[in-house]
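Right, one structure below, let's go through it.
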Amino acid sequence: MTEAVSPKLAGVNPPSNDQIAAGANPESEKLRLDRERTARLHQLATLGELAGGLAHELKNPLSTIKLNLQLLMEDLARMPGAETSHNRAVTVKKEVDRLGQTLEGFLRFAGRIELRTAPVHLNVLVQDLIDFFMPQAQAARVRLHASLAPEDPICNLDANLIKQALLNLMLNAQQAMPAGGELIVRTHVSGSNALVDVSDTGMGIAPEHLPRLFEAYFTTKKGGTGLGLATTRRIIEEHSGHIRVSSEPRRGTNFRLELPLRDKNI
Ligand code: ADP
Ligand code: MG
């Protein structure tokens, strides 16, 4: 790991709500969190520029490989006695597809993000997501519901990106409850922030995993990408927000998003 990507910056452990409530000096804690966020955003902006260049260099050859592989597979499929070669080509195609997905995932996390913000009624956004996710939740025996703030919070958001961030959290919650459970998305208002809590009654997170949770490529799942939470944190921090987690093994997990409310004077 290089100096620029210090373990501290790559995997800051967000304090639990209890820790925040009990914090001796909430103001200096807030300053520290804001500073860490700024450092991470700078780091990702630099990385994003490099990543953009690299992705551009990789994308064209990758699509040429894919196209030619497709043609090769068609030729082999017509050739008598070439089953083994055809199967090998299928394997290569799978790996090439996987490379393409890895590249896309990395770009979603580290690529350039241009926020297209507009005033958004957070409750409406959350309700839309709940409706969208409901069939999937029901199929997984997850009881999904919303609890919406009576204040009707409005934030300046890139709605598509915030939906992506929340969906990552909802998907993780569902995956943490393989035998079903309860998934609640709550909105609240606290001072000048809107809060969104995504809580589940799943397996919880081992305390030793908490410091690495938001690191890119950290996963405990077979076939997991480890990019969901890293991307979610990036999106929230690009909106000048914060994300925190509190969790109890075997009881469940709560992710809290804090997003600045729209300034009514603007
Ligand atoms: P992935 O889902 O591909 O593993 P994520 O970045 O979305 O990657 O999550 C990283 C890790 O954080 C997961 O592998 C899991 O160990 C843990 N995690 C995230 N959300 C939850 C949750 N709601 N309950 C339990 N563990 C979770
Ligand atoms: Mg995930």
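A straight Cα-to-Cα reach below 29 Å connects LYS30 with the lysines LYS8, LYS163, LYS264, residues fewer than 8 places away in its own chain not being considered.
Does region 100-169 come out rounded, prolate or oblate by the C-alpha gyration tensor, with a ≥ b ≥ c the root eigenvalues, rounded set by a/c under 1.5 and, if not, prolate when a/b is larger than b/c and oblate if not? Oblate. Between ILE65 and TYR217, the C-beta separation translates, for a Förster distance of 25 Å, into a calculated FRET efficiency of about 0.55. Computed on the Cα trace of region 164-266, the radius of gyration divided by the Kirkwood hydrodynamic radius gives Rg/Rh = 0.99.
Against the chain, whose longest principal axis comes from its Cα atoms, helix 159-175 is set at around 80 degrees.
Loop exposure criterion: GluC sites (Glu not before Pro), DSSP state outside H, G, I, E and B, at most 15 other Cβ atoms within 10 Å. Applied to the chain, the longest stretch between such sites is 152-266. The angle separating the long axis of helix 83-110 from the principal Cα axis of greatest extent in the chain is about 30 degrees. The magnitude of the dipole of the chain, with charges of +1 and -1 set on the Cβ of Lys/Arg and Asp/Glu and taken from the Cα centre, is near 440 debye. For the residue pairs LYS66/LYS221; LYS66/LYS222; LYS59/LYS94, the C-alpha atoms sit more than 23 angstrom apart in LYS66/LYS221; LYS66/LYS222. Farthest toward the positive end of the dipole of the chain, out of ASN25, VAL120, GLY228, is the Cα of GLY228, where the dipole comes from beta carbon charges about the Cα centre. Rg ratio for the chain: its Cα radius of gyration over 2.2 N^0.38 Å, N being its residue count, equals 1.16. Here the relative contact order of the chain, from alpha carbon pairs under 8 Å that lie six or more residues apart, stands at 20 percent. Of the chymotrypsin sites (Phe, Trp or Tyr not before Pro) found in region 210-266, the ones in coil according to DSSP and having at most 15 other Cβ atoms within 10 Å of their Cβ are TYR217. For ALA216, the shell of other residues with beta-carbons less than 12 Å away shows a net charge of +4, using +1 for Lys and Arg and -1 for Asp and Glu. Extension gain, ARG116 to GLN138, is 4.7 nm, computed as 0.36 nm per intervening residue step minus the present C-alpha separation.
Compared with the dominant Cα axis of the chain, that is its longest principal axis, helix 26-78 is turned about 20°.
Using DSSP to call loops (not H, G, I, E or B), can you name the chymotrypsin sites (Phe, Trp or Tyr not before Pro) in region 30-139 whose Cβ has at most 11 other Cβ atoms within 10 angstrom? Present the calculation step by step, with values, prior to reporting the outcome.
Details: sites: PHE106, PHE109, PHE132, PHE133; in loops: none.
In loop regions of region 30-139 (DSSP not H, G, I, E or B), there are no sparsely surrounded chymotrypsin sites (Phe, Trp or Tyr not before Pro).
Size descriptor for region 38-91, Kirkwood hydrodynamic radius: 13.8 Å (Cα pairs only, one decimal).
Indicate, rounded to the nearest 5 percent, the antiparallel portion of the DSSP beta bridges found entirely in the chain.
On the way: 27 of 33 bridges.
Rounded to the nearest five, the antiparallel share is 80 percent.
Spherically averaged projected area of the convex hull of Cα atoms, region 146-201: 4.2 nm². Projecting the Cα atoms of VAL196, THR219, PRO178 onto the charge dipole of region 175-247 (Cβ charges, centred on the Cα centre) puts THR219 farthest toward the positive pole. From helices alone, the chain scores -17500 deg cm²/dmol at 222 nm; the rule is -39500 (n - 2.57) for each run of n ≥ 4 DSSP H residues, then divide by the residue total.
No value in this document is a laboratory result; all are computed from the given coordinates. Everything numeric here is computed off the predicted structure, so don't read it as measured data. Cβ atoms come from the backbone with ideal geometry, glycine included; neighbour counts cover every protein chain shown.
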